[in-house]
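Visitor: Shown below is the structure under consideration.
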Amino acid sequence: MCLGLSCYFPLVSQAAVTPSTDQTTLGYLVTHKYALGVASNFNLFATDQYTQANSVGNARIAANHFTLDNWQQTLGWQNAVEGIDSHMLVVNQLSQDANTLSTKLNSDLTTNLFAAEDQTTPVLHNTATPSQPVVADKLQTVTDFTDNGLTSFEAAKAQLTQLSAFYDDQAQLKAVFADHFLKTVDVPQSDVGRNQGVNTVVDDTDSETSGHKLLVVNVPAETAADLRENNNDVSIKIKYITKDKTEPIVVLNFPQLTGDFELYSPNDHVNVTYGPADNQSTIKDKNHLLLNFNTLDTLEFDHQFVGSVLAPSTTVKINQLNTNLTAIAAKDIAVNASVNTDGSQGVFNPSDFSDPANQTDGASATKKMNTTLFLKFADGRQATRSFDEDTTLNSTLKFDDQVNYYIDWAGYPDANLYESTNNQSWRLVTKGSSGEGQYDSTSDSDSLYPAREPVVTQSVLNNQLVFKAANRKTVRFALATQMPSDDNSQLLWSSRITYPLADFEMSLPSRINFDQVSDLNADEVTVRPSETPQVSVINTLSAPFDLQVMGDASVADPQDSQQNVFLGTHQFSYRDTKDWFLMTDPATLLQANPTVAEAVQRVTNGLDPPQVSQLSGFQLTVPTTSQYRSASVGLKWRLTIGATYNQ
């Protein structure tokens, strides 16, 4: 019989973010002309792959890996903008193909146009006549990166993940923006789905001022179907009733939206109106409307560009557009059609964010806490989430799902970071220095798999022995002056992450009666169970497992070896249809090693019925002289899930 063990993990955020003298905190950056951090002054920013098959007009582009699938395309804004860095294209690396290397930069200058993190990057050329070579500047010359305190695209990727969590976190927003400026609302579930898309009203007429200028709306849609009207057109209608007639800044968060989201209809629309109830106007400027997707896999535009996009874990595909785009910051961007942008007028960087009157007073400006949780599913999906406060994941984790953590802090004197994975004991993760510290689990060689060490319990129900893995796992992090369990420890910050785990349950008979004679001769009689024992397994967890059985003479009845066929010289034996085993030797009865493909298929089907196995090979042979004696012996079951468990 087995009992399990325990352990676990899971996605990005920031706690106590305030306008700060630390000029690399999100609180400082969003209120000092970097509303989207390093991506603020780019029309297209890809933290991983950027591919372009057609022309992109009037665009400033940044990409970790840049590929051009067309000959001599021109990049760059049509006009330089004072106060914004002049580099038109910023990359880590270029693809080493003829099309990519034929890229032209829209200028007759040869410097401050092109920058690369990889200093082996080949030269490009400008649009002067004749064309002149443009050597890549160092990434450190790009003010977008230096102002944000970033030195790589990898760091930029982490920052965009944190920014996505920032706009999705009321506590962080309230720590930065003044109450008279910020209003956050959750769309009622009744206003979403049911073939109506999203249709909701936000009433701000009771505001003491003329109205809140920044409206943050959390939309509880889980799939693209929830956003469609009559299963076809994307329809998001938000009526913002306010006394203010000036165009607000609106952030639409979709924290639960996963999978693929394609805007394939020419009638797709995100219609946010504002003003008095009887005199509403529609937001026209897409740079006043930000759509924040922090868990979406794929976003495709086939007709309408409905608003600026922040999607740090998403692949964005532009297949066709009949309108200009403003700004997209995403993991991957594929431009499959000729498009134009609004250039410098299209970036999401509201000037109202930089007005001190719209900010908090920064009372805790010296404190900073950044938390980031990265989740990578075995089927390739990825997601991120903040855990600056207690949080429960929406996604259920399986055996091969991975997680990593990133935490950094400042302004917490004498603080060290501790972790607990069992709600009892703590371990020191890393020590702080001068009030600052950092923990990055991605720097460890081993990935973290929260569902690989579930706590397994056993019970007896309806004559069945049931092994069941816990369906939740909790991990706690804490900043404290000493081990949090110590009496003298001062707890400075803590957060609890709860992870739902997929199901694992195994049931098998608690008693097996060998009461049917199958073979008889002068010396021995072979008996089998009249009812074939079964093992039923629910393994939505997609975990490999191994089930063994052996005898336990300590509970034999009677204990006298002369009276009990299982004891003494007459040892009970059994076989699994071909191999004989003594009762004292463990034998494997059932094994499974689900593949990732099988796990994905179960998710696709939406079902994971119990798998029933017949233990048809169970039999035992006893001396004929003992065939009429009643005796018993214990069966010791041993279940292993992924690793050896306590017996």
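The values are calculated or read from the model by the stated rules, or taken from the named source; none is laboratory data. In this text the structure is predicted, and so the values were computed from the model without any measurement. Ideal geometry is used to build each Cβ from the backbone, glycine not excepted, and the neighbour counts take in all protein chains shown. The protein model used for the area step is the full one, side chains on, heavy atoms only, and it has no ligands, DNA or RNA in it. Shrake-Rupley method; radii C 1.70, N 1.55, O 1.52, S 1.80 Å.
A quick yes/no check of all residues on (1) open to solvent by 40 Å² or more (accessible area, probe 1.4 Å); (2) over 14 Å from Ile641 (Cβ atoms); (3) basic (Lys, Arg):
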| position | (1), (2), (3) |
| --- | --- |
| Leu428 | yes, yes, no |
| Lys431 | yes, yes, yes |
| Ser434 | yes, yes, no |
| Ser443 | yes, yes, no |
| Pro450 | no, no, no |
| Ser459 | yes, yes, no |
| Arg472 | yes, yes, yes |
| Ala478 | no, yes, no |
| Glu505 | yes, no, no |
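Visitor: Mind checking whether some residue in the stretch 22-30 is modelled with pLDDT under 95, surrounded by fewer than 24 Cβ atoms within 10 Å (Cβ to Cβ) and in a helix (DSSP H, G or I)?
Guide: So far as the stretch 22-30 goes, yes, one or more of its residues are modelled with pLDDT under 95, surrounded by fewer than 24 Cβ atoms within 10 Å (Cβ to Cβ) and in a helix (DSSP H, G or I).
Visitor: Looking only at the stretch 293-307, decide whether some residue is open to solvent by 50 Å² or more (accessible area, probe 1.4 Å) and either in the same structural domain as Gly37 (by the TED database) or in contact with a strand residue (DSSP E or B) (Cβ under 6 Å, 6 or more places away or on another chain) (or both).
Guide: Among the residues of the stretch 293-307, not one is open to solvent by 50 Å² or more (accessible area, probe 1.4 Å) and either in the same structural domain as Gly37 (by the TED database) or in contact with a strand residue (DSSP E or B) (Cβ under 6 Å, 6 or more places away or on another chain) (or both), which makes the answer no.
Visitor: Does the stretch 388-404 hold any residues that are open to solvent by less than 20 Å² (accessible area, probe 1.4 Å) and within 16 Å of Ser313 (Cβ to Cβ), and which are they?
Guide: Selection gives Leu393, Asp401, Val403.
Visitor: In the stretch 236-292, which residues are under 21 Å from Glu222 (Cβ atoms), of a type in the set (S, T, N, Q) and in a strand (DSSP E or B)?
Guide: Correct list: Asn253, Asn292.
Visitor: Suppose we filter the stretch 198-212 for residues that are modelled with pLDDT of 95 or more and open to solvent by less than 40 Å² (accessible area, probe 1.4 Å); how many remain?
Guide: 3
To keep it simple, each residue is scored yes or no on (1) touching a His at 6+ places or on another chain (Cβ under 9 Å); (2) open to solvent by less than 20 Å² (accessible area, probe 1.4 Å); (3) not in a loop (DSSP other than H, G, I, E, B).
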residue	(1), (2), (3)
His87	no, yes, no
Val90	no, yes, yes
Leu109	no, no, no
Asp118	no, no, no
Thr129	no, no, no
Thr146	no, no, yes
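Visitor: Residues in the stretch 175-195: is at least one modelled with pLDDT of 90 or more, among the charged types (D, E, K, R), in a helix (DSSP H, G or I) and open to solvent by 10 Å² or more (accessible area, probe 1.4 Å)?
Guide: Yes, the stretch 175-195 contains at least one residue that is modelled with pLDDT of 90 or more, among the charged types (D, E, K, R), in a helix (DSSP H, G or I) and open to solvent by 10 Å² or more (accessible area, probe 1.4 Å).
Visitor: Here's another thing I want to ask about it. Within the stretch 524-534, can one find any residue that is at pLDDT below 85 and in contact with a helix residue (DSSP H, G or I) (Cβ under 9 Å, 6 or more places away or on another chain)?
Guide: Yes - at least one qualifying residue is present in the stretch 524-534.
Visitor: Using the structure shown, decide if Ala158 is touching a Phe, Trp or Tyr at 6+ places or on another chain (Cβ under 8 Å) and open to solvent by 10 Å² or more (accessible area, probe 1.4 Å).
Guide: yes
Visitor: Check off (1) under 50 Å from the mean Cα position of the chain (by Cα); (2) under 21 Å from Ser616 (Cβ atoms) for Val525 and give me the number that stays unchecked.
Guide: The failed condition is (1).
Visitor: If you don't mind, there's one more thing I want to ask. For the stretch 157-174, what are the residues that are over 28 Å from Leu44 (Cα atoms) and either part of a loop (DSSP other than H, G, I, E, B) or not aliphatic (A, V, I, L, M) (or both)?
Guide: Selection gives Lys174 alone.
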